[in-house]
Amino acid sequence: MFARLSDTHPWLDGLNDRQQEAVLHDGGPLLVIAGAGSGKTRTLASRVARLIDDGTPPERILLLTFTRRAAAEMLRRAGGLIDHQSTGRVWGGTFHSIANRLLRRNAAAVGLDDGFTVLDQGDVAGLFGLLRAELGFAEAKTRFPRKETIAAIYSRAVNGQEKLTRVLEERFPWCQDHGDELKEIFRGYTERKRRHNVVDFDDLLLYWRALLDSPAAGTVAAMFDHVLVDEYQDTNRIQADLLRLLCGTAGNVTVVGDDAQSIYSFRAATVENITEFPEVFPGTTVIKLEQNYRSTPQILDVANTVISEAAGGFSKRLWSDRPSGPRPGLVTCVDEAAQAEYVCDRVLEMRELGVPLQDQAVLFRTGHHSDGLEIELSRRKIPYAKFGGLKFLEAAHVKDLMAALRILDNSRDELAWHRVLQLIPGIGPATARRILTDLTESNEAPLLEFCEGGFPVVADARPLLIELQQALLDCATRPLDPGAQIERLMPFLQAVIDRCYDDAAVRVADLEQLSDIASGYGDRSRFLAELTLDPPHSTTEVGPPHLDDDYLILSTIHSAKGGEWPVVYVIHAADGNIPSDMALNEPGGVEEERRLLYVALTRAKDHLTVSFPQRFYHRRFGSDGRHSYAVPSRFLTSAADRFEPVVAGVPEQEGGAGTSPRGEDTVAGVLESLWD
């Protein structure tokens, strides 16, 4: 049947039997367990195309993903399969962006004012910092949680729908003595957001859930005939509630995911959402996608063995009809320096064999695990890009621009005012607070009053203040699209960049790229919301990369999820790193660490190398050579015979100094130093 249908329906072309079964599912709850590299994106895109081709109006389909780019890619693929542009009318986006769209239409139904703005995660921490100081907790005689920790505690409680006492006990035990103070901060945070008409990411989901429990619930739920969710294993309890309220327990809901790749519990994601889906939605059809199109059989053999010992979940065994490849290597390194040298040697060797650096990735459990490798890469002049560090919206110059735009969008936005005012020389936190108090207590519109007022600043700063006032006034009173508004703010922002930051040309180029992107939006509020809710991971994603040459990929495993490379090196795969020591005491922590390693292994297409150092030096004790020994990750024990064993580094000699020869200590190093 499938083969005949594919002759007339392009959305079935090239799909295997299980994928076709998922695409052709008629109605009711559908759970697709999609193993790594099994073509889930293609399957989901084909299902959207099939629904539209069968007569479902595109605007009555809701596609929920975890990035805006993922939704755009699926809808682009779906549009190519049915040869028309109707997929542009599908409601596609992240949970947060869809919540934002629905709440803009129904703000009054849940007690929100029109024109609310969305705080990014940095702003949330900033507001907690203000409250922490105002309430006097910053001056406590004992250590009080920092603003970032307070934000993490709050988000964990809200997203996981857990009592604060339990969150503190299980996740933040060192903060348990501050429970009463944290409650006071959280109450103040809620009141401050309401007063200034701002919401955070967590609020968007909570208000959407409230909307589905309001008199408008029937209208909202009736908007969609089909709801499809990608990466369902990464959802939290609120998102699962939203799906149930939106579709009912027997509705046309399709979720795609893999319980073996659930690795975001630190964001309050819960693997139980996918494992318990058939119980929450009785009558669910479960389809497993086990054919892998990415990796060689040898790599899959290792990954299958590692995950086979997982507790619970859906059993599956990935297979591939790709030709055989080399056995993955398990590299025992004498120490961290030997590991760095081995990886660099292999990277250059693969490059000489024709594998570009960008087709090679080094993955690690946490950011600092690449420190030693980065030093060796720099020494050897091997360019690299690291993912999992500073995010785009954390860059100071971008936050400056966003704050100015948010003032235009919501003149009651306290945090935005504080940031912009302090860009003027001579205006510090206390002065900014006084100015903001005067502005918000006035009967006049705060923005217009600021633009027309005079403020005490040093003489040299007056031109900059006047430029800001005139720019904000022009943006507020002239019919400028968002891109043109950014251009109008550029003289002020460029002056700030020249005075406050290094790499001025690169930062200005970032803002110019943002101006180009914003020009495609007719509405400033939408541009702000979408950029805040789903920003690029780094400034290099806004425009052309700043790196002109080929470069090696370094990434945390969490940031690498969804990626794939012909050559993958997993480093620091020692017990204590994978699994992390800190995960051992968390509920479900060990099993999540096993899934994390599984995700790392299944990023590789052709070549896989897993390495671990035997010796770790403890530099905090000085340079006396103190060290400890490590063993391979416990998760690799059962798969040991699937690897090709390799030893890297010179073993320590009896009575030696405790380190292997390095640099000028070797004859080669002495000679090399002559022509460095």
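The values are calculated or read from the model by the stated rules, or taken from the named source; none is laboratory data. Here the structure is a predicted model, which is why all the values come from computation and not from measurement. Don't worry about glycine lacking a Cβ; one is built from the backbone with ideal geometry, like all the others, and counts go over all protein chains shown. Areas reflect the complete protein model, heavy atoms only, side chains present, ligands, DNA and RNA absent. Shrake-Rupley method; radii C 1.70, N 1.55, O 1.52, S 1.80 Å.
Leaving out ligands and nucleic acids, note down the accessible area per residue over the chain with a 1.4 angstrom probe, in whole Å².
45 Å²
Taking Rh as the Kirkwood radius, which is the inverse of the mean 1/r over Cα pairs, what is the Rg/Rh value for region 49-155?
1.21
Per residue, how big is the convex hull of region 312-408 when only Cα atoms are used? Give it in Å³.
252 Å³
Quick one: putting +1 on the C-beta of Lys and Arg, -1 on the C-beta of Asp and Glu, what dipole do you get for the chain around its Cα centre, in Debye to the nearest 20? Can you show the working numbers first?
Numbers: 73 positive and 98 negative charges, 215 e Å.
Here the size comes out at about 1040 debye.
Expressed as a whole number of Å, what is the distance separating the alpha-carbon centroids of region 394-470 and region 226-263?
Between the Cα centres of region 226-263 and region 394-470 lies a distance of 43 Å.
Expressed in nm to one decimal, what extension gain is obtained for the pair VAL631 and ARG76 from 0.36 nm per residue of sequence separation less their Cα-Cα distance?
Values: separation 555, 0.36 × 555 = 199.80 nm, distance 4.66 nm.
Going from the current span to full extension adds 195.1 nm.
For the chain, evaluate the Debye formula with one uniform point scatterer on each Cα (no solvent term) and list log10 I(q)/I(0) at q = 0.07, 0.08, 0.09 Å⁻¹, rounded to two decimals.
So the normalised log intensities are -0.55, -0.72, -0.91.
Between GLU394 and ASP321, what's the calculated FRET efficiency when r is the beta-carbon distance and R0 is 35 Å? Round to 0.05.
0.20
What distance in nm lies between label points placed 7 Å from Cα along the C-beta direction at ALA107 and GLU452?
Roughly 2.4 nm, to one decimal.
Please list, or write none, the lysines whose alpha carbon is within less than 18 Å of the alpha carbon of LYS183, excluding same-chain residues fewer than 8 places away.
Leaving aside lysines fewer than 8 places away in the same chain, those within reach of LYS183 are LYS147, LYS163, LYS193.
Specify which residue in the list ILE185, ALA240, THR219 is farthest towards the positive end of the charge dipole of region 104-252, using unit charges on the beta carbon of Lys, Arg (+1) and Asp, Glu (-1), about the Cα centre.
ILE185
Report, ordered by chain and residue number, the lysines lying within cross-link reach of LYS316, taken as a straight Cα distance under 20 Å and ignoring same-chain residues fewer than 8 apart.
LYS40, LYS288, LYS561, LYS605
Report the full-extension gain for the segment GLU134 to ASP498: residue separation times 0.36 nm, less the Cα-Cα distance, to one decimal in nm.
Contour length minus the Cα-Cα distance gives 127.8 nm.
Restricting attention to the alpha-carbon atoms of region 193-309, what are Rg (one decimal) and Dmax (integer), both in Å?
Rg, Dmax (Cα atoms, Å): 17.7, 59.
Which residue, chosen from ALA385, ALA340, HIS369, occupies the Cα position most advanced towards the positive end of the dipole of region 333-414, where the dipole is computed from +1 (Lys, Arg) and -1 (Asp, Glu) charges on Cβ about the Cα centre?
It is ALA385.
If you take the charge dipole of region 118-260 about its Cα centre, with +1 on Lys and Arg Cβ and -1 on Asp and Glu Cβ, which of LEU135, GLN121, PRO173 is farthest toward its positive end?
Farthest towards the positive pole: LEU135.
Report the calculated FRET efficiency for THR142 and LEU584 (r = Cβ-Cβ distance, R0 = 25 Å), to the nearest 0.05.
In this case the efficiency is close to 0.35.
Mind listing which trypsin sites (Lys or Arg not before Pro) in region 65-165 are in a DSSP loop and have 14 or fewer other Cβ atoms within 10 Å?
LYS141, ARG143, ARG146, LYS163
For a paramagnetic label modelled at 7 Å from the Cα of ASP516 toward its Cβ, which residues of region 474-495 fall within the zone defined by backbone nitrogen distances under 16 Å?
Once the point is set 7 Å along Cα→Cβ of ASP516, 483-484, 486-487 turn out to lie under 16 Å by backbone N, inside region 474-495.
Restricting to DSSP H runs of at least four residues, report the calculated mean residue ellipticity at 222 nm for the chain, -39500 (n - 2.57) per run over all residues, nearest 500 deg cm²/dmol. List each step's numbers first, then the result.
Details: 28 runs with 308 residues, N = 676.
-14000 deg cm²/dmol, from helical runs alone.
Over the chain, what percent of the accessible surface lies on carbon and sulfur atoms, probe 1.4 Å?
50 percent
Once you put a point 7 Å from the Cα of SER638 and another 7 Å from the Cα of ARG478, both along the Cβ direction, what distance in nm separates them?
For the pair SER638/ARG478, the computed spacing is 6.7 nm.
Where does the longest stretch of the chain lie that holds no GluC sites (Glu not before Pro) found in a DSSP loop with 13 or fewer other Cβ atoms within 10 Å? Could the numbers behind the result be given before it?
Values: sites that count: GLU276, GLU309, GLU444, GLU654.
The segment 1-275 is the longest one with no such site.
Cα convex hull of region 89-227: mean projected area in nm², to one decimal?
9.5 nm²
Full extension from THR249 to ALA459: what is 0.36 nm times the residue separation minus their Cα-Cα distance, to one decimal in nm?
On the way: separation 210, 0.36 × 210 = 75.60 nm, distance 6.64 nm.
Contour length minus the Cα-Cα distance gives 69.0 nm.
Would you give the gap between the C-alpha center of region 28-77 and the C-alpha center of region 286-365, rounded to a whole Å?
Between the Cα centre of region 28-77 and that of region 286-365, the gap is 28 Å.
Within the set of other residues whose C-beta is less than 14 Å from the C-beta of MET582, count the net charge using Lys and Arg as +1 and Asp and Glu as -1. Walk me through the numbers on the way to the answer.
Details: positive: ARG171, ARG365; negative: GLU170, ASP575, ASP581, GLU586, GLU592, GLU593.
Residues near MET582 contribute -4 overall.
What nm distance separates the two modelled labels at PHE266 and ASP213, each placed 7 Å from Cα along Cα→Cβ?
Result: 3.1 nm between the two label points.
Can you check what the net charge comes to around ASN197, using other residues whose Cβ is under 15 Å from the Cβ of ASN197 (Lys, Arg +1; Asp, Glu -1)?
The answer is -2.
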